[in-house]
1. Treat each spin label as a single point 7 Å out from the Cα along the C-beta direction, and report the Lys174 to Glu387 distance in nm.
2. What is the spread of the Cα atoms of the range 130-284 along each of their three principal axes, largest first, in whole Å?
3. Got a sec? How would Trp180, Trp153 order by Cβ neighbour count within 10 Å, fewest to most?
4. Just tell me which aspartates and glutamates come within less than 14 Å, Cα to Cα, of Lys113; anything on the same chain fewer than 8 places away is out.
5. If R₀ is 25 angstrom, what is the calculated FRET efficiency for the pair Lys84 and Val315, using the beta carbon separation as r and rounding to 0.05?
6. Cut-off under 26 Å on the C-alpha distance; same-chain residues fewer than 8 positions from Lys377 excluded. Which lysines are left, in chain and number order?
7. Compute the relative contact order of the range 286-389 as a whole-number percentage, counting only Cα pairs closer than 8 Å that sit 6 or more residues apart in sequence.
8. Can you put Thr326, Thr381, Thr90 in order of Cβ neighbours within 10 angstrom, beginning with the fewest?
Amino acid sequence: MCQNISLIHSIQAHADSQDERRSDHDNFPVPLQGSSIHYASRRVCSSLAMHAMPLQLMQALNGPTILSGSGVAEYRRGLVQSQKYQFSETLFEYFCGTCFTFMFLKRNTPGAKPDVSTGTLNNDVPNLVEYANHIFVGDTRDGGASMWLRTSWKDGRPLPRWDTWHDARVAGSKELPMDWPGLPDPLSHSKLVEPGTTPFYCHCRGVNFLVRSARDMDHRPKEDLPPFVDPKTYRYLALTCVCDWCRSSSGVDVPNWAFADLAHIEFPPSDTSSDSTGASQPFPASVSELKEAVSSSNKDSRLGTLTFYQTSPDVQRYFCSRCAATVFYAVGRRPHVADFAVGLLDHPSGARAEGLLSWDYGRMVSATDTEGGWRNKIVTTARKECEEWRVMRGYPQGWPRVLG
């Protein structure tokens with residue numbers, strides 16, 4: 001997002017005409033095959049799912065390289081410039097130390113090549129990426145985002161969804177049936193949200209908060225509810241935004257957000273911090289207070305590793321400074337509201353947290369940003385399948401609202 005690490009440029013940068021571009025691409029093995037990764041520990045570093053493909057596939061291209069600069073040397077330079085986070089005993093993640101965009105995933109084995117996050121790729125290469133499969137879908141409990149990325153944009157074939165790895169030879173790995181996990185109670189979407197809180201944390205737990213449900217707003221007249229609270233169930237609005245800013249800042253092609261008043265974000269009760277009088281201090285209640293608190297030289301320890309990148313004078317995007325998880329989006333024109341990353345929720349209903357959230361299925365915000373490029377085919381397919389998913393589950397269309 002900040003372009004401190006220049007990862008990608010267009011394959012057709014050296015072509016002078018449509019004909020030249022077309023003949024160039026005849027030599028390229030596109031679309032490149034990527035995986036949609038759903039395991040729970042990956043989600044708490046980004047969104048419902050992240051998408052990656054082996055970087056060696058990109059190196060194999062003939063002609064002008066997709067990688068900026070001089071190909072292999074450039075991505076190695078990118079790894080050096082990146083911040084490294086040990087994701088597991090065998091995996092390391094690399095992200096930009098300025099804007100915290102997740103860029104690479106690399107195994108800690110001799111000769112291993114990184115996987116690249118497809119959300120960091122330019123959109124202007126025709127037919128560049130195709131998701132070939134979904135892996136670790138079993139971790140989602142509800143199917144997560146695999147329910148609306150079920151087919152290939154290329155030929156409409158069903159994409160295999162694997163419980164764990166995408167290889168039946170791996171012990172315990174199995175392909176899930178297309179109807180897994182089945183349909184829930186047909187009336188579940190109309191039930192009132194439960195009172196209480198939902199854990200909200202990143203992979204390293206440096207960011208560890210709670211999201212309180214909006215059930216405590218049920219005494220308000222419907223017309224006085226915030227536009228992001230469902231007036232029938234008091235669930236928070238959740239949606240997919242595919243604008244260039246959200247994509248490039250998270251490294252995810254199809255990022256997912258929900259909305260809440262900052263007054264509904266809380267510190268875990270075991271965490272204690274007080275002012276000079278000994279009174280416990282709540283979570284910052286406004287965008288300006290949050291920015292000031294995170295920037296303070298006397299930062300509240302309960303804010304943990306939360307940091308932000310200022311993308312414009314009025315906008316802050318919040319991340320974990322250790323594991324690079326996307327956390328909040330805050331804008332001054334909504335002084336008491338934050339967008340929060342759905343992937344950080346740990347809700348018993350599953351990865352989509354439908355017990356807390358009311359999804360605007362079938363709508364992709366800022367889809368025009370993807371037009372004219374390879375990503376538009378993925379977004380168009382996802383939008384169609386989102387709407388089919390909504391109808392199949394008997395969900396109503398989103399309620400009328402206006403978001404600033």
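Every number here is computed from the coordinates shown, using simple stated rules; none is lab data. If you're wondering where the values come from, they're calculated on a predicted model, not measured in any experiment. Note that each Cβ is placed from the backbone with ideal geometry, even for glycine, and that neighbours are counted across all protein chains shown.
1. A separation of 3.6 nm, rounded to one decimal place.
2. 61, 37, 33
3. So the residues, fewest neighbours to most, are Trp180, Trp153.
4. List returned: Glu74, Glu93.
5. 0.40
6. Lys154
7. Averaging sequence separation for qualifying contacts and normalising by length gives 16 percent for the range 286-389.
8. Thr90, Thr381, Thr326
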